[in-house]
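As structure tokens, the structure follows; a few thoughts come after it.
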Amino acid sequence: MTVITSLVYRYRWKIRYMYYMTKGKYSYQKISPDDDDEYTYDAFISYSDGDRSFVLKDCIEKLEKEENFRLCIHQRNFMSGQDITVNITNCIHASRTTVCLITSKFFESYYCMFEFNMARMESIYSRHGRNILFLGFYEQLQPKEIPLVMLELVQKESYIEYPNDDQGNVVFWEKIKETLKTNVRA
């Protein structure tokens, strides 16, 4: 019994991922990881509710209106009446990239961490190890405040920090645009 419990704990995110992928039965069109033209969204935006105004105002303006990226934002794109965990898994699967807007509130939210971990599982099990996660640090955090699994992405330089000045603000948006464009095949 202890061995089974240990195995379930060790592979808990993989088990959850497989469960929700099966439960959702791909409400969206099933997508081949190598067929980028088939993705419904260019990016799934994961954020805490406290950062909603930044996403609904700035992200939509800079990425959708100015650059024509198709963003999946849960207030707008989740299917009503469907379980939130199934919505999350389906939307991540239907998105080319997942951008996590990281703040201390992100770590306090069960669903934000669920989105992060489901995107990790999507990278490993459905995209053949291709990294689909990009972290945008919207507030300054100490390394000790960041989960180890996220620090691994930081070490791979799959992140950017939101600056406190206008010039740095331009760099922030350019890095996100570059990441999204890199993940879009011409």
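For the pair Q142 and D165, label points projected 7 Å from Cα toward Cβ lie 2.6 nm apart. Charge tally for I60 (other residues, Cβ to Cβ under 10 Å; Lys, Arg +1; Asp, Glu -1): 0. Each of R70, R120 was scored by other Cβ atoms within 10 Å of its Cβ. Listed from fewest to most, they are R70, R120. Legend: distances between Cα atoms for K65/K177; K57/K175; K105/K181; K57/K156; K144/K175; K144/K181; pairs beyond 23 Å are K105/K181; K57/K156; K144/K175; K144/K181.
Annotation: peptides 109-115, 50-56, ranked by per-residue average of other Cβ atoms within 10 Å with the highest first, follow the order 109-115, 50-56. Label separation (L56 vs I84): 1.6 nm, computed from points 7 Å beyond Cα along the C-beta direction.
Read the figures in this text as sums done on the coordinates, not as results from a lab. On a predicted model such as this, the values are computed, not experimentally measured, just so you know. Reconstructed Cβ throughout: ideal geometry from the backbone, glycine too, with neighbour counts over all protein chains shown.
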